[in-house]
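These notes concern the structure reproduced below.
The values are calculated or read from the model by the stated rules, or taken from the named source; none is laboratory data. Every value quoted in this text rests on a predicted model; they were computed, and no experiment measured them. Glycine also receives a Cβ, built like all others from the backbone with ideal geometry; neighbour counts cover every protein chain displayed. Side chains are part of the model used for accessible areas, which takes the heavy atoms of the whole protein and leaves out ligands, DNA and RNA. Shrake-Rupley method; radii C 1.70, N 1.55, O 1.52, S 1.80 Å.
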Amino acid sequence: MSDLPERDDLPLDDEGLIRLQKLLALAGIASRRGSEILMLNGSVEVNGEVVTRLGTKVDPGKDVVRVDGKRLPPISGKVYLVLNKPRGVVSTMSDPEGRRNLSDLVADRPERLFHVGRLDTDTEGLIILTNDGDFAHRLAHPSYEVDKTYVAEVKGEIFPNVRKRLLAGVTLEDGPVTVTKARIMETRKDKSIIELVIHEGRNRIVRRLLDHVGHPVTRLTRTRIGPVRLGTMKPGDMRDLSREELGELLDNTEL
């Protein structure tokens, strides 16, 4: 479950505001007294301004609150989920061919969810689901350059010159691809494992990229989106984004 309280659970006044130290305490930042100390020490900002007055009230759904520089996400009715998509699941919320899709994995959720970006049917790993349209649009847009990390098992032995070639930039039929990082994790004569970090989401981009340099992909997993890591999640597992993850993604997408 998320470590953020629901808006309906907050003791708001008639104007929809709450005392800042109470909000911090309910969000689990510190105790009520500890939150007051953070404010008095100048560790809390609201909309870019340091706030030390203990009577300050904020709108928990609109005001941008930071503690020691870290964003406290707005409290609203929006949901932000991370799913480890299994192989064989189509990255859509419905499928005219009747194939297993994302809606089958979130059938028990009451919200109308949609996915941020896509993964190939044969690719497993992290995908974010939300009912926040602005967040989804920005997170999927390449101009915000949210890094995505993939681990690929490929055919053949990968040599260091291939890594250098990837980092130097590869141009595909639909334009150049920038690889932020490339790490050879394992290499043998018949197969290798390589980790790539890119921020693009073009169709089958990782598979096409590695095929272009002579190493067709046999298995592909997205292990990270920005600060969100796959960790110990198993295929089909789903969880809420943590406060820290969501706060960083909101900053990354300038929301």
Q) Out of all the residues in segment 39-52, which are assigned to a helix (DSSP H, G or I) and open to solvent by 40 Å² or more (accessible area, probe 1.4 Å)? A) L40
Q: Check R109 against each of (1) surrounded by 13 or more Cβ atoms within 10 Å (Cβ to Cβ); (2) of a type outside the set (S, T, N, Q); (3) under 22 Å from V197 (Cβ atoms) and name the one condition it does not meet.
A: (3)
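Restricting to segment 216-231, what's the tally of residues that are open to solvent by 50 Å² or more (accessible area, probe 1.4 Å) and at pLDDT below 95?
First, the residues of segment 216-231 that are open to solvent by 50 Å² or more (accessible area, probe 1.4 Å): 218-219, 224, 229, 231.
Subset that is at pLDDT below 95: 231.
Of the residues in that region, 1 qualify.
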Q) Would it be correct to say that D95 is open to solvent by 60 Å² or more (accessible area, probe 1.4 Å) and out of contact with any Pro (no Cβ under 8 Å at 6 or more places or on another chain)? A) no
Q) Hey, among the residues in segment 165-197 that are closer than 16 Å to E145 by Cα and in contact (Cβ under 8 Å) with a residue 12 or more places away in the chain, which one's surrounded by the most Cβ atoms within 10 Å (Cβ to Cβ)? A) L196
Q) Only one of G231, G214 is outside any helix (DSSP H, G or I), out of contact with any Lys or Arg (no Cβ under 8 Å at 6 or more places or on another chain) and under 29 Å from V64 (Cα atoms); which? A) G231
Q) Restricting segment 125-144 to residues that are of a type in the set (S, T, N, Q) and under 18 Å from E254 (Cβ atoms), which is surrounded by the most Cβ atoms within 10 Å (Cβ to Cβ)? A) T130
Q) Only one residue in D122, D147 is of a type outside the set (A, V, I, L, M), open to solvent by 10 Å² or more (accessible area, probe 1.4 Å) and in contact with a strand residue (DSSP E or B) (Cβ under 6 Å, 6 or more places away or on another chain), so which one is that? A) D147
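Please tell me if G117 is small (G, A, S) and touching a helix residue (DSSP H, G or I) at 6+ places or on another chain (Cβ under 8 Å).
Against the criterion (small (G, A, S) and touching a helix residue (DSSP H, G or I) at 6+ places or on another chain (Cβ under 8 Å)), G117 qualifies.
Confirm whether P73 is without any contact (Cβ under 8 Å) to a residue 12 or more places away in the chain and either open to solvent by 50 Å² or more (accessible area, probe 1.4 Å) or under 16 Å from the mean Cα position of the chain (by Cα) (or both). Walk me through how you get there before you give the answer.
On the way: without any contact (Cβ under 8 Å) to a residue 12 or more places away in the chain: no; either open to solvent by 50 Å² or more (accessible area, probe 1.4 Å) or under 16 Å from the mean Cα position of the chain (by Cα) (or both): yes.
No; evaluated as a whole, the condition is false for this residue.
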Q) How many residues are in a strand (DSSP E or B) and among the polar types (S, T, N, Q) if we restrict to segment 151-186? A) 1
Q) Assuming D59 fulfils every condition listed in (1) acidic (D, E); (2) open to solvent by less than 50 Å² (accessible area, probe 1.4 Å); (3) touching a helix residue (DSSP H, G or I) at 6+ places or on another chain (Cβ under 9 Å) apart from one, which condition is it? A) (3)
Q. Under 8 Å by Cβ, and 6 or more places apart or on different chains, what pairs join a residue from segment 100-115 that is over 17 Å from P235 (Cβ atoms) with one that is of a type in the set (S, T, N, Q) and in a strand (DSSP E or B)?
A. L113/T130; F114/T130
